[in-house]
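Before any comments, here is the structure.
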Amino acid sequence: MSESRVSYHDSVEEMLKRIRDDGLSSVFSRWEAQEKIRCKFCLEGVSCQLCTHGPCRISEKAGADKGVCGIGPDAMAMRNFLMRNIMGAATYGHHAFEAFRTLKATGEGKTSFTITDTDKLKWMCEKTGINTNQDTNQLAIQLAELLDRELKINPDEESIMVEAFAPKKRKPLWRKLNLYPVGIQHEVENCIASCLTNVDGDYVSLAKKALRLGLSTIYTAQIGLEMTQDILFGTPMPHEVDVDMGIMDPDYVNIAFNGHQPWVGVATLQKAKKEEYQAMARKAGAKGLRIVGSIETGQELLQRFEVDDVFVGLMGNWLALEPFLATGTVDALVMEENCSPPALDQYAEKYQVALISVSTIIGVPGTEHEMPYYPAKVDEMAENCIEIAIENFKKRHGAIKPMVPQHKRKAIAGFSTEAVLQAIGNDLLLPCHVSGNLSTSKV
Ligand code: SF4
């Protein structure tokens, strides 16, 4: 990358010119400002402000080899690290909680969703010991209840999910090292209590808690939530999609779904495919109504739904979010989880974007529309999002000059485990994993 660039992403580079000309800050300009004043103690993890005896920093040169409480540098750094783990784990726990209540409400017929992958539902029920000789909706309810209980498994109980999915060889080792996890709620509570001043000041103990928390996150939250999303919306299979900001057309009412939890995005997409809602958008002077994927919610949609004239694809990652809003083409940004950064208000104001939160965990300044998520209200929430976006279109279109980078690329999305196994088979995959000849990376 040439030194004059700040991003590999051509669309971002183009939009940053507009952002600078319009006098707004961006993640890139704020990074530059922070680079000049970074604290070397914070960079090394050896600063702490957990209690009123601090803030403390570790400096052997200054004769301060421990905090006031006596904690050493390794434990201080590990405790800082564990607190970050806790935030990630709790967010996955929250995502899982929302997934399981959505599945349960769907089984009860209270949402606009239906069970899409019944084979996966039955497979999950078999794996977790639920009698599969029952009606599909009953299976969904029972699985949702079981998975929800798994979030809350305490140390006096055994996790069904860990027993069902963890590698056999690992389990005795985890028990020996006290790494065998229980439900994420207990593990988060245990870890956060350990971070309190003068509770756990041992870096090995803190590191083991981070490992145990990670295992709990995978087995009692992540696997269940991913399987639930597949059961509800379909197991991803590879298909061609469109990505990048060139997917935007300013003449449409454009609603972008941003975060990680696809419930309201899917419900809105279902509605947007109906002529009635397209007609509503046309009545407001638009060519129609479009759904745009942003960040991980975009990926959740992209891997399970075909790109067409209603769902137009994925705009990019979170570093592209501010440039995306600066295109002047977005009518509503609907947020529910991560990557909903706090300085979007200046973009909402400048480029006429309605900010909508559909989760109680979101708190972006300037968000005018807040709708706590209730699975039974997902249809109504989708309807509200469409109405807000159409109203916004009337204010945006013609008033904000659009600027759309002409970059639109093809990509292949939908590589679920099943898709990979279908393509190359376990007989080939497993030996490669065992021999270490296969590596995975996240770009
Ligand atoms: S917990 Fe210890 S290191 Fe942290 S601020 Fe308090 S005294 Fe200082």
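Numerical summary
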{"item": "Spherically averaged projected area in nm², based on the convex hull that wraps the Cα atoms of region 73-233", "result": "9.8 nm²"}
{"item": "Additional length obtainable on full extension of the chain from residue 239 to residue 202, 0.36 nm per residue less Cα span", "result": "8.4 nm"}
{"item": "The chain: Cys lacking any partner C-beta under 4.7 angstrom", "result": "48, 51, 56, 69, 125, 191, 195, 339, 385, 432"}
{"item": "Potential extension, residue 123-residue 275 segment - 0.36 nm per residue separation minus Cα distance", "result": "51.1 nm"}
{"item": "Rh (Kirkwood; distinct C-alpha pairs) - the chain, Å", "result": "24.0 Å"}
{"item": "Set 287/410; 122/208; 127/152; 152/273; 274/377 screened for pairs whose C-alpha atoms are more than 29 Å apart", "result": "122/208; 152/273"}
{"item": "In order through region 132-141: 3J(HN,Hα) via Karplus (6.51 cos²θ - 1.76 cosθ + 1.60), integer Hz, x for Gly, Pro", "result": "7, 7, 9, 4, 3, 5, 5, 4, 4, 5"}
{"item": "Residues with amide H under 5 Å from that of residue 369, placed H, sequence gap 5 or more", "result": "355, 357"}
{"item": "Coarse-grained scattering of region 319-412 at q = 0.13, 0.19 Å⁻¹, given as base-10 log I(q)/I(0) from a Debye sum over alpha-carbon atoms", "result": "-0.47, -0.93"}
{"item": "Computed FRET value (nearest 0.05) for residue 13 with residue 60, which takes r as the C-beta separation and R₀ as 35 Å", "result": "0.20"}
{"item": "Estimated vicinal HN-Hα couplings, Hz - region 119-129 in sequence order (Karplus 6.51, -1.76, 1.60; Gly, Pro = x)", "result": "4, 5, 4, 5, 4, 5, 5, 4, 4, 9, x"}
{"item": "Burial order of peptide ranges 315-321, 357-363 (average beta-carbon count within 10 Å, highest first)", "result": "315-321, 357-363"}
{"item": "Ascending count of other beta-carbon atoms within 10 Å, so fewest first, for 263, 123", "result": "123, 263"}
{"item": "Segments 226-233, 62-69 sorted - mean Cβ within 10 Å per residue, highest first", "result": "226-233, 62-69"}
{"item": "Exposure proxy ranking, count of Cβ atoms within 10 Å, fewest first, for 247, 192", "result": "192, 247"}
{"item": "Computed [θ] at 222 nm, deg cm²/dmol, the chain (DSSP H ≥ 4; -39,500 (n - 2.57); rounded to nearest 500)", "result": "-14500 deg cm²/dmol"}
{"item": "For region 367-380, 3J(HN,Hα) per residue [Karplus equation, 6.51 cos²θ - 1.76 cosθ + 1.60, θ = phi - 60°, Hz, x = Gly/Pro]", "result": "6, 7, 10, 10, 10, x, 7, 10, x, 5, 9, 4, 5, 5"}
{"item": "Choice from 105, 423, 90 showing the highest fluctuation, given a GNM over the chain with Cα pairs closer than 10 Å", "result": "423"}
{"item": "Dimensions in Å of region 239-411 - Rg and Dmax from alpha carbons", "result": "14.1, 40"}
{"item": "Placed amide H near residue 311: partners under 5 Å, 5+ positions off or other chain", "result": "291"}
{"item": "Cα-based shape type of region 333-381, given that a ≥ b ≥ c are square roots of the gyration tensor eigenvalues and the cut on a/c is 1.5", "result": "prolate"}
{"item": "Extension gain, residue 193 back to residue 394 (0.36 nm per residue minus Cα-Cα distance, nm)", "result": "67.3 nm"}
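Only the coordinates and a few stated rules stand behind these numbers; no lab work does. The structure displayed is predicted, hence computed values, not measured ones. For neighbour counting, all protein chains shown are included, and Cβ atoms are generated from backbone atoms with ideal geometry for every residue, glycine included.
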